[in-house]
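All remarks here apply to the structure that follows.
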Amino acid sequence: MKCHYRIQNFEEIKAEDLTEIIRGFKTEKYRLCQICASNIEGDTELIYSFDLDHELFNIKATVRNGGGMESITGIYQPASIYESEIHDLFGIEFTGSRPNRGGKFFVLSKPTPWLPENEGGE
Amino acid sequence: MGAFRISGLILGSLFRRPATAKYPAVPREWEERTRGRIEIDASECILCGMCARKCPADALAVDKAEATWEIDMMGCVQCGHCTEICPKKCLRMEKEYTAPDCDRRTGLRKIPVPKKVTPRNDR
Amino acid sequence: MGKRTVIPFGPQHPILPEPVHLDLVIEDEKVIEAVPSIGFIHRGLEKLAEVREYPELVYVIERICGICSFGHGLGYVTAVEGLMGVEVPERADYLRTMWHELSRIHSHMLWLGLTADALGFESLFMHTWKVRERILNMFDLTTGGRVIHSVCKVGGVRRDVEEEMLDRIVSEVRETRKETRKLTDVFLRDTSVKSRLCGVGILSKEDAEELCAVGPVARASGVYQDMRLNGMCKYGELGFEPVIGEGGDCYARCKVRISELNQSFDIVEKTASVMPDGPVEVQVRGPLQAGEFMMRLEQPRGEALYYVRGNGTRYLERMRVRTPTNMNLPSMVRMLQGCDLADVPVIILTIDPCISCTER
């Protein structure tokens, strides 16, 4: 058995190419593992992870904070969970998707708490 | 015929001692390693504040000016990290758990740490 | 054609131990659609990770969930070790494997008990949890905590397990296996249990792949997927092969978990017999390296994913945990479509939901 879990595959792509690349993943029967958002100096970085035969592939796309991104729920239906989460916590708008429960998948006391300008406690 | 497959188990349990302990009438037997609650040997403490800085639950506070060491018993998560990093090893893990209480704040305990006479380094 | 009604289900429900809310669209007695919403216990632990130093963070991360607490600790420390390029000693790796399997046993036992409870089979529930107690005692003996073990640390494990303890674990596991055999006989062959589980909540293999199901849910539908195959811990050396079920209904998921229980007993016994001598930790000092690391591991409930990004300080810049239930929610919604209202709790339970994990 070869050791996979230490092998890291990260690839940066342009946000416009995202849908096309993810469609390619879908035709090759990759499994969507997760979408992770993180704040990097005024931008939000989205990492899409895919699995094929226990190997992990990650693609990164960067959007500006509070910006918009094309939804991939039409390609991978389970993505809606992550898109709703990122929409509710980071305030990224996903175009072409209906956020679960009208953008209230997470019941929060204040909107988009993880957007840098909204950070800080009461 | 597939029904009542559990009857054997139930009959077995019927004639056996109960699986539960009669707590608190019969006190619990603690394992050697059980992490219960944090206690301090105040005479050894040098008020370095290491435990308070590294506590993942922010349950410890050390006040150098007043010479006190304080623990929020209800906030402590019993990870035992402070007992490991204490330079004087004056913190220890007792096996008994913190007693339950109705008030969150009763867990607060302040322990005065006796001032040490620091031997002056005469050069 | 009946009238459509919406029934709110959860977050407080007598049979549902998890705070998930579902809007069930009902027609007659059939569920047409289920819309889940979560967020009732969102704690923002991912954000807390940014203000705790990395060695202490493991105690926070393992409190994400009480049942897969060991798995979370293990996943986090493995991710940080990967980021820093640390190799842990052999013995520590074997100990981690053993504890991880013990935690799988106790999680699956808990699940079996809860399922029996959801079926209304109280005595079976009590008996299952009685057996599970043995495993919790083994955790208390070896790590000092019954539920939160706090035993993983960056660079190895905090406590060694002595020979006498290993012998005690092996004998307890043997006893547990014996008692489990009687219990599983009830789960797999009792008519009343079978009538509640067979043919209920079917998830086809195509659906499981389409909806990206993970863990026992995916395996019960015949998907060959188990993150223990990716070189984590010592599963490769122990000749691990995943259990793959067929059918994809509640009964299949129950059967897969029971087979995994027996497999975990084997793995624990095997680890105890091949445990090498040596140190159990290496010192890891200094700040985190700048860089990122993403890894996955197989928790009792399925694949969990950990992502850490360091920036050269002692604090992580971003820490992300994606838990198995998160990935299984779409499958759950699919299973609920077309089921009877009375089967809803059973179907929700067979994905072994852990909403506290999901929300972190």
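The values are calculated or read from the model by the stated rules, or taken from the named source; none is laboratory data. It should be emphasised that the depicted structure is a prediction, and the values quoted were computed from it without experimental measurement. Quick reminder, even Gly has a Cβ in these numbers, built from the backbone with ideal geometry, and neighbours come from all protein chains shown. Side chains are part of the model used for accessible areas, which takes the heavy atoms of the whole protein and leaves out ligands, DNA and RNA. Shrake-Rupley method; radii C 1.70, N 1.55, O 1.52, S 1.80 Å.
For a 19 Å ceiling on Cα separation, which of these pairs sit above it: B:K64/B:K95; C:K182/C:K255; C:K194/C:K255?
B:K64/B:K95
Give me the Debye-computed log₁₀ of I(q)/I(0) at q = 0.14 Å⁻¹ for the stretch C:246-360, equal point scatterers on Cα only, no solvent, two decimals.
The calculated log intensity ratios at q = 0.14 Å⁻¹ are -0.85.
With the other protein chains left in place, how much accessible area per residue, in square angstrom, belongs to the stretch C:29-105 at a 1.4 angstrom probe?
23
When ranked by the protection proxy of mean other Cβ atoms within 10 Å per residue, highest first, what sequence do the peptides C:110-117, B:86-93, C:258-265, C:150-157 form?
By packing density, highest mean first, the sequence is C:150-157, C:110-117, C:258-265, B:86-93.
Which of the residues in the stretch B:36-85 show a loss of at least 50 Å² in accessible area from their chain by itself to the complete set of protein chains, at a probe of 1.4 Å?
B:K54, B:P56, B:C79, B:H81, B:E84
Starting from 0 in steps of 5 Å, tell me what percent of the Cα-Cα pairs of the stretch B:31-112 lands in each bin.
In order of increasing distance, the bins hold 3, 16, 27, 28, 18, 7, 2, 0 percent.
What is the packing order of peptides B:6-15, A:75-84, taking the mean over residues of other C-beta atoms within 10 Å and listing the highest first?
A:75-84, B:6-15
Ignoring any ligand, DNA or RNA, what whole percent of the accessible area of the protein assembly as shown comes from carbon and sulfur when the probe is 1.4 angstrom?
52
Averaged per residue, what accessible area in Å² does the stretch B:31-112 show with a 1.4 Å probe, protein chains only?
That works out to 54 Å² for each residue.
What shape does the stretch C:120-244 have by the C-alpha gyration tensor, where a ≥ b ≥ c are the square roots of the eigenvalues, rounded means a/c under 1.5, and otherwise prolate means a/b greater than b/c and oblate the rest?
Oblate, because a/c is 1.5 or more while a/b does not exceed b/c.
Treating the beta-carbon of each Lys and Arg as +1 and of each Asp and Glu as -1, no other charges, what is the dipole magnitude of the protein assembly as shown about its Cα centre, to the nearest 20 debye?
The calculation lands at about 1500 debye.
For the pairs A:K29/A:K60; B:K54/C:K47; A:K29/C:K3; A:K60/C:K47; B:K89/B:K110; B:K88/B:K110, flag any whose C-alpha to C-alpha distance is greater than 28 Å.
Checking Cα-Cα distances, A:K29/C:K3 exceed 28 Å.
Once whole DSSP H runs in chain C are found, which of them have Cα atoms spread over 15 Å or more along the helix axis and a mean Kyte-Doolittle score of at least 0.5?
C:69-84
Determine the total buried accessible area between chain B and chain C, counting protein heavy atoms only with a 1.4 Å probe; round to the nearest 100 Å².
The B and C chains share an interface burying roughly 2500 Å².
Positive end of the charge dipole of the stretch C:154-221 (Lys, Arg +1 and Asp, Glu -1 on Cβ, about the Cα centre): tell me which of C:V170, C:V200, C:V214 has its Cα farthest that way.
So the residue furthest toward the plus end is C:V200.
Can you tell me how the stretch C:151-197 classifies by the Cα gyration tensor, rounded, prolate or oblate, using a/c under 1.5 as the rounded cut?
Oblate is the answer for the stretch C:151-197, as a/c is 1.5 or above yet b/c matches or exceeds a/b.
Please report, in whole Å, how far the alpha carbons of the stretch A:10-107 spread along each principal axis, starting with the longest.
Computed over the Cα atoms, the extents are 35, 30, 22 Å.
From the P(r) of the stretch A:1-58, can you give the percent of Cα pairs sitting at distances over 19 Å?
34
For the protein assembly as shown, with the dipole built from +1 on Lys and Arg beta-carbon atoms and -1 on Asp and Glu ones, taken about the Cα centre, which of B:A19, B:G75, A:Q77 lies farthest toward the positive end?
Among B:A19, B:G75, A:Q77, the one farthest towards the positive end of the dipole of the protein assembly as shown is B:A19.
Can you show me the helix-derived [θ] at 222 nm for the protein assembly as shown, built from DSSP H runs with n ≥ 4 at -39,500 (n - 2.57) apiece and divided by the number of residues, rounded to the nearest 500.
About -11000 deg cm²/dmol.
Please state the relative contact order of chain C as a whole percent: Cα pairs under 8 Å, 6+ residues apart?
It rounds to 26 percent for chain C.
Does the stretch C:181-292 classify as rounded, prolate or oblate by the C-alpha gyration tensor (a ≥ b ≥ c root eigenvalues; a/c under 1.5 gives rounded; else a/b over b/c gives prolate, otherwise oblate)?
Here the stretch C:181-292 falls in the oblate category.
Compute the Kirkwood hydrodynamic radius of the protein assembly as shown, taking the inverse of the mean of 1/r over all pairs of distinct Cα atoms, and give it in Å to one decimal.
It is 25.7 Å.
Using alpha-carbon pairs under 8 Å, 6+ residues apart, how would you state the relative contact order of the stretch B:31-112 in percent?
Relative contact order of the stretch B:31-112: 42 percent.
If you project the alpha carbons of chain C onto their three principal axes, what span does each projection cover, largest first, in Å?
Over chain C, Cα extents along the principal axes are 68, 45, 33 Å.
What does the accessible area per residue of the stretch C:291-355 come to in Å², with a 1.4 Å probe and no ligands, DNA or RNA counted?
Per-residue value: 17 Å².
What distance in nm separates the simple spin-label points at C:S204 and C:E241, each placed 7 Å from Cα in the Cβ direction?
Calculated label separation equals 2.9 nm.
Which value, in nm² and rounded to one decimal, describes the direction-averaged projected area of the C-alpha convex hull of the stretch C:295-357?
Taking the Cα atoms of the stretch C:295-357, their convex hull projects to 5.2 nm² on average.
Note every residue of the stretch C:123-145 with a reduction of at least 20 square angstrom in accessible area, all protein chains present versus the isolated chain, computed with a 1.4 Å probe, or write none.
Residues meeting the cut-off: C:S123, C:H127, C:K130, C:D140, C:L141, C:G144.
Quick one: compute the contact order of the stretch A:10-107, relative version, from alpha carbon pairs under 8 angstrom and 6+ residues apart, as a percent.
Reported as a whole number, the value is 25 percent.
Semi-axes of the equivalent ellipsoid of the stretch C:1-148: what are they in whole Å, largest first, if each equals the square root of 5 times a C-alpha gyration tensor eigenvalue?
Equivalent ellipsoid of the stretch C:1-148: 37, 23, 12 Å, largest first.
With a 1.4 Å probe, how much accessible area is buried between chains C and A, both sides summed, in Å² to the nearest hundred?
Buried: approximately 3900 Å² between A and C.
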